[in-house]
Every structure is written in structure tokens, then in C-alpha cells.
Amino acid sequence: MGVRPLDLLDLDDLLSDEERDARALARRVADDHIRPAVAEWYENGDAPIRELAVEFGKAGLFGMHLTGYGCAGSSVVALGLTCMEVEAADSGIRSLISVQGSLVMYAIWRYGSEEQKLAWLPALASGRAIGCFGLAEPDHGSDPTGMSTRARQDGDDWVLDGVKTWILNAPIADVAIIWARADKGVAGFVVPTDVSGYTAREISHKMSLRASSTGEIVLDGVRLPESARLPGARSLMAPMSCLTEARLSIIWGVLGAARDCLDTALDYAAAREQFGRPIAGFQLTQAKLADMALELQKGFLLALHLGRRRERQDGPLRPEQISVGKLNNVREAIKIARQCRTIMGGNGILAEYPVMRHASNLESVLTYEGTSEIHQLSIGQKLTGLNAFAR
């Protein structure tokens, strides 16, 4: 048996002992708690999210790059490697880590009051509470500047009205970070989901990310005290900075899905015989495997570069840098999944193997937190100095 794809360039030499330990821990969690049943969860469209959240909390996987309040304080690259290992099991389950840690917890950690941090971060870090992040709306997905959800002041309180959709964890969340337009710009709120006027429903009949819970949130006169507002969030830049954090975990995570497909295809090609020899010995198959291994390694180096830059500087990466990472790594990951399916022939569509499930999940990852077209325009704007977004 030959070497595994990420071993071709000895990329482990670029990681610290702490980062390799974090990866090993995440791999054990995935092997113990996700892989044995994830194909069944996917087929049934149901996963034990609360039970998984507790296990992830025990392992310190939620908000692990944050400090204090029960968070692990690990490196950004350690978080990325964790996302890669969890997504090697399933993209939908990795999304739980990204939403909980890089959207919900990060929003509270960076923009919240001390009272909000103490009230929610330890519970979210431990997995005892689950959060969701309400930004996207039915008519405003790629263009959050047009959001319709409104927050108006009524005496000492705030009243929220609007609808959010495609919100991961919404049907099961204990707390929601809701973004709304107010008189002085965009404001963020920490909303307990048991408050009057808040309802969430499951979006059913998904053909992708089936091992996850996704929903729509309706806010009908939700009344909140001033203490529910995120005091540090004063513009649309606040939720966008949270998306930058989550996109970095996506850039890493999809490498896990791609690697799992490639490992599966390698093993299959070595065992599958046609014309009296393993198909791994045919030139066309080796050319496919070589090209996929090349793109996987390039994606890893890109993710590592962005992760190191995020660790060195105070604040998020520039938008176009994140766009380069998400555009490239998701696009290449889905190409790898599709190519691996061809190597496996008809067997590639069976739930016995993870390849078709990864390919289907990556169709969603290709779209959420910025479509490929949006990231292309972000890069194009930086290259030309011209804004091509519609007005």
C-alpha cells in the first residue's frame, strides 16, 4: 500500500505538537461518536445533535480557539484541523461545531457584555446549550444589506419582527443570535428561544446535510430588554466578522470530506480488480488519484497559510483572503468527491461508502456562507478596484 495523500509532502512537519494532538483527539471523537452511525442518520434525516453536543463539549471542541469562559484557548490551526477531522466523518456534523463556536460563541465573545458572556459561553462550550445564528432571510441571502428583520425600541425594551431562514440548529437551539435592522444600523441580540413570539420550524425534505437540523425562525413581536443587545455590535461588519470566522473553519473542514473520499477511493481501487488486475494499477486511475492528491495538498497549504495569518494578526482576515480559501477549497473538494465516485463505479452511490454522502453534503457547503459567485466577485473587486455587486 502506498502513502496517504497528505503524506506525500510530509505536511505534518508544518504542524506543532499541540495541533497534531488536537487533530488526534478530534479523530477519536469522530471515530467513536460519528462514523458508526452517520450513514443511518443521513438516510433517516435525523441525528442526535444534543447527545453529540455534549460529547463535543467534553472534548473541548466548541469555541476552542476562544479564551476564557470554559473555552480551550487553542490555536486557530488546531480548530481547523479539528473541523477537518469531523468533516471527514460528515459535513453536517462539522457544521454544528462551526455554528456553535465560530458564529454563536464568537459573536458573544467578541461583541457581548460580560453578563452575556458569563450567562452563555460556559453552557455553549460544554454543549449543555445549543445556539443558532440568525442572519439569512427568505429574500436576503447573499445580500444581507437588504435584511427585512427590524428591531425597534419601545421604552426600555426592544421589539423584534421578521423571519430568518436556512438557520442551522434553529429547531433545537436554546439561544439565537439574531441580527436586525435598527434606526442606527444593524444590531445583534442574544435571544433565548423560549421567549414569547419566537418560533422555529424544521426545514424538511433536504437532500443534503441530512445529519443536521436546519430551520426557519419567525420573530413576531419578540420583546427583549436592553441587556439582550450585543453592545459591541454597531454595524453589519459585526455579523460579517462572525462569518469570516466560520468560513475559515469551512476552508479546513472540506479538506476532511475530500480526504475521506480520496482515502476510500484509494482503498477501493487497490482491492477492485478488472481485466485481471487492481484498477489502481491502470494509468487512467493513477492519473485521477494523482490530480486529486495534488489539489488536496494545495488546499491544505492554503488553509494553513490563512490559519497562520489569522493567528498572527489582531482581527479577522481580509474578505478577499477568506474568499480565495472558500472558493478554492470547496470547489476542489466537490470535484474530488465526484471524481472518486467515478473510480468506484456503481458502488460509489451506496451508503456503505461515504463518497456520495460527502458529494451531496458539499453541494450545500458550496452555497452556504457565500456562494462561489459571491466569492468570485469579492476577489474580482480586490483585483480591479471595481464593485460588481448589483445595486
May I ask you to give the solvent-accessible area per residue for the stretch 318-359, in square angstrom, as obtained with a 1.4 angstrom probe? 41 Å²
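For Trp179, Trp109, Trp158, give me the order by solvent-accessible area with a 1.4 Å probe, most accessible first, ignoring ligands, DNA and RNA. Could the numbers behind the result be given before it?
Values: Trp179 0, Trp109 75, Trp158 25 Å².
From most accessible down to least: Trp109, Trp158, Trp179.
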Spin-label zone in the stretch 231-254 - amide nitrogen under 19 Å from a point set 7 Å from the Cα of Gln153 along the C-beta vector: 231-236
Rounded to the nearest 0.05, what FRET efficiency do Val163 and Arg277 have when you use their Cβ-Cβ distance and R0 = 51 Å? 0.30
Which of these values of Rg and Dmax of the Cα atoms in Å was calculated from the structure shown: (i) 23.9, 103; (ii) 21.1, 80; (iii) 20.5, 65? (ii)
Lysines with Cα under 28 Å of Lys326, excluding same-chain neighbours fewer than 8 positions away: Lys164, Lys206, Lys288, Lys298, Lys335, Lys382
Heavy atoms only, probe 1.4 angstrom, no DNA, RNA or ligands counted: give me Leu383, Leu377, Leu294 ranked by accessible area, highest first. Leu383, Leu294, Leu377
Partnerless Cys - the chain, beta-carbon criterion under 4.7 Å: Cys71, Cys83, Cys132, Cys242
Simple spin-label estimate for Asn387 and Glu18 in nanometres, 7 Å along Cα-Cβ: 4.0 nm
Please give me the summed charge of the neighbours of Pro144: other residues whose Cβ is under 13 Å from its Cβ, Lys and Arg +1, Asp and Glu -1. -2
Spatially proximal lysines relative to Lys58 (Cα-Cα < 28 Å; intrachain offsets below 8 disregarded): Lys117
Per residue, in Å², the accessible surface of the stretch 104-151 once ligands and nucleic acids are set aside, probe 1.4 Å: 39 Å²
Quick check for you: which residues of the stretch 227-266 have the amide N under 16 Å from the point 7 Å beyond the Cα of Thr145 toward its beta carbon? 235-241
If you add up the charges near Gly370, with Lys and Arg at +1 and Asp and Glu at -1, over every other residue whose beta carbon is less than 11 angstrom from its beta carbon, what do you get? 0
Would you work out the charge dipole size for the stretch 1-60 about its Cα centre, treating the Cβ of every Lys and Arg as +1 and the Cβ of every Asp and Glu as -1, and quote it to the nearest 20 debye? 160 debye
Per the C-alpha gyration tensor (a ≥ b ≥ c, the square roots of its eigenvalues), the stretch 41-150 is rounded if a/c is under 1.5, else prolate if a/b beats b/c, else oblate; here it's oblate
For the stretch 220-272, with +1 on Lys and Arg beta carbons and -1 on Asp and Glu, the positive-most of Ala269, Val222, Gly253 along the dipole: Val222
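How charged is the neighbourhood of Gln116? Take every other residue with its Cβ under 15 Å from the Cβ of Gln116, and add Lys/Arg as +1 and Asp/Glu as -1. Please report the intermediate quantities before stating the final value.
Values: positive: Arg110, Lys117, Arg229; negative: Glu114, Glu115, Asp174, Glu226.
So the surrounding residues net to -1.
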Would you mind calculating the gained length between Leu236 and Leu118 on full extension (0.36 nm times residue separation, minus the Cα-Cα distance), in nm to one decimal? 40.0 nm
Accessible area of the chain belonging to carbon and sulfur atoms, whole % at 1.4 Å probe: 52 percent
Reduced to Cα centres, the span from the stretch 172-238 to the stretch 44-102 in Å works out to 21 Å
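Taking the Cβ-Cβ separation of Thr199 and Ala270 as r and a Förster radius of 35 Å, what is the calculated FRET efficiency to the nearest 0.05?
Step by step, r from the Cβ atoms, then E = 0.10.
Ranked by accessible surface with a 1.4 Å probe, highest first, in what order do Ser142, Ser378 come?
Result of the area sort, largest leading: Ser142, Ser378.
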With everything on Cα atoms, drop me the angle between helix 49-59 and the longest principal axis of the chain, reported from 0 to 90° to the nearest 10. 80 degrees
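The values are calculated or read from the model by the stated rules, or taken from the named source; none is laboratory data. Here the structure is a predicted model, which means the values were calculated and not measured. Positions of Cβ are generated from backbone atoms using ideal geometry, with glycine treated the same way; all protein chains shown enter the neighbour counts. The area values use the complete protein model at the heavy-atom level, side chains included, leaving out ligands, DNA and RNA. Shrake-Rupley method; radii C 1.70, N 1.55, O 1.52, S 1.80 Å.
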